[in-house]
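Have a look at the structure below, then the notes.
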Amino acid sequence: MFHSITLCLDMKGCPNRCKHCWMGWSPNGDMPEEELSAAAADFAPFAGNLELYDWDREPDYSDRYRERWELCCKLSGPRPHQPHFELASVWRLVRDGSYAPWLAGLGVGAVQLTLFGGEETTDWYTGRKGAYREILQAIDILLQNGIAPRIQVFVSKRNLSELPQVEALIEQLDLDRRCRDIGREFDCFVHQGSCDGENRRFYDVWITPEDLEKIPPRLAAGTLKYFSAETLPDVFGRPEDELYRELLADGSTFRYVSDDPVFFIDRSCDVYPNITTPSPFWRLGNWKKDGAGAVLEAYAASRSPAQHARLTVPASQLARACGDPNSRRLFGREDYIELLLHRYCAGA
Ligand code: SF4
């Protein structure tokens, strides 16, 4: 019995194919709505509380987003469902006039939007022509509905030079004042993301310490505020060579099992723990074929290859086998271990 279980069913997928997507680019599916009730019924006996979501990629991408939200709230419990995340479908915001008022009605006060630089670059990173213009439209729509846009920027050496364009856009759209006018604060921040999923492809152009000086002042200040950090290295982490040396002396292993796990369920009903990208190394089983009990047992026993590797292979061995002692790329410690673990499992 787990204290709580959160289930995120990838029912509809995502209209984008972002180059930094940590969830990966699996094809979109169309899971029948009844799967929500079936998942709730199968997993609830194993949890003190169940929390259900009809998405794990783009929220509210289904045309029946309202009904599904209500159904998820109804099937979750016994504790009340968490409020709607500060995430939304940009695709829907510009196509469905009733969506932003609905979000506002649920009490959503801010929505995160992702830019990568100017128009061409943002379209390329989002994997969809027109994405940048839709984000600009979405900003206006959100503000008209009393919701503050929050701008996040993913950065690597490839788009570092375009950060001033994002800062100029923030000024040009007067976002500080417009958010103040609706009684909210404007937030913006930059980070490199974790080096997993599609974002792993940017390893070669990963940010290094000297790049932090090139983050323009408004975005740098917004980043420190958003992460409650004193310095940018507190946010971006430490160079790989330092982490590598530290891990060489670290004989610890780790058990990736929580009493409050979150699971991703893909369109084929394969189940993955929400630790990193849903890759084959993390697969726990198939909820429909194996049953919820067997999937949870696999999780609790660290039976997925990645969980098993982290439980049995010391950090020092992961670093020695898969780290680069000469790299200055910046990582948070845990993100770096997950990158090493992925490489270890991929090469095993
Ligand atoms: S990052 Fe989000 S919006 Fe982009 S492809 Fe991945 S799930 Fe979709």
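When you go through (1) closer than 26 Å to Ile139 by Cβ; (2) of a type in the set (A, V, I, L, M, F, W, C); (3) at pLDDT below 95 one by one for Met1, which number turns out not to apply?
It is condition (1) that Met1 fails.
Among the residues of the range 194-210, count how many are touching a strand residue (DSSP E or B) at 6+ places or on another chain (Cβ under 8 Å) and either free of Cβ contacts under 8 Å to residues at least 40 places away in the same chain or surrounded by 20 or more Cβ atoms within 10 Å (Cβ to Cβ) (or both).
Qualifying residue count for the region: 4.
Please note which helices (runs of 4 or more DSSP H) are completely contained in the range 213-295 and include at least 2 residues that are surrounded by fewer than 16 Cβ atoms within 10 Å (Cβ to Cβ) and in contact (Cβ under 8 Å) with a residue 60 or more places away in the chain.
The qualifying helices (runs of 4 or more DSSP H) are 240-248.
Which of (1) closer than 30 Å to Ala41 by Cα; (2) out of contact with any helix residue (DSSP H, G or I) (no Cβ under 9 Å at 6 or more places or on another chain) is the odd one out, the single condition Pro101 does not satisfy?
Against the list (1) closer than 30 Å to Ala41 by Cα; (2) out of contact with any helix residue (DSSP H, G or I) (no Cβ under 9 Å at 6 or more places or on another chain), Pro101 comes up short only on (1).
Can you pull out the residues in the range 204-219 that are of a type in the set (A, V, I, L, M) and over 28 Å from Asp324 (Cα atoms)?
Within the range 204-219, just Leu219 meets the criteria.
What about Glu134, is it within 14 Å of the ligand (Cβ to nearest atom) and part of a helix (DSSP H, G or I)?
Yes.
Asp250 - would you say it is over 29 Å from Val153 (Cβ atoms) and in contact with a helix residue (DSSP H, G or I) (Cβ under 8 Å, 6 or more places away or on another chain)?
Yes: the conditions hold for Asp250.
So which of Arg57, Arg64, Arg68 is under 16 Å from the mean Cα position of the chain (by Cα), of a type in the set (Lys, Arg) and not assigned by TED's automatic domain parsing to the domain that holds Ala148?
Arg57
If we keep just the residues of the range 192-211 that are away from the ligand (no atom under 13 Å from the Cβ) and in a loop (DSSP other than H, G, I, E, B), which is nearest to Ile337 (Cα to Cα)?
Top of the filtered list is Cys195.
Could you check how many residues of the range 117-131 are of a type outside the set (D, E, K, R) and within 11 Å of the ligand (Cβ to nearest atom)?
4
Failed condition for Arg328, given (1) in contact (Cβ under 8 Å) with a residue 60 or more places away in the chain; (2) surrounded by 17 or more Cβ atoms within 10 Å (Cβ to Cβ), with all others met?
(2)
Could you say whether any residue in the range 25-43 is within 13 Å of the ligand (Cβ to nearest atom), touching a helix residue (DSSP H, G or I) at 6+ places or on another chain (Cβ under 8 Å), not charged (D, E, K, R) and not assigned by TED's automatic domain parsing to the domain that holds Glu134?
The answer is yes; a qualifying residue exists.
Do you know which of the residues in the range 24-46 that are surrounded by 20 or more Cβ atoms within 10 Å (Cβ to Cβ) and not small (Gly, Ala, Ser) is farthest from the chain's Cα centre (by Cα)?
Phe43
The values are calculated or read from the model by the stated rules, or taken from the named source; none is laboratory data. Values in this document were obtained by computation on a predicted structure and should not be read as measured data. Cβ coordinates were reconstructed from backbone atoms using ideal geometry, including for glycine residues, and neighbour counts include every protein chain displayed.
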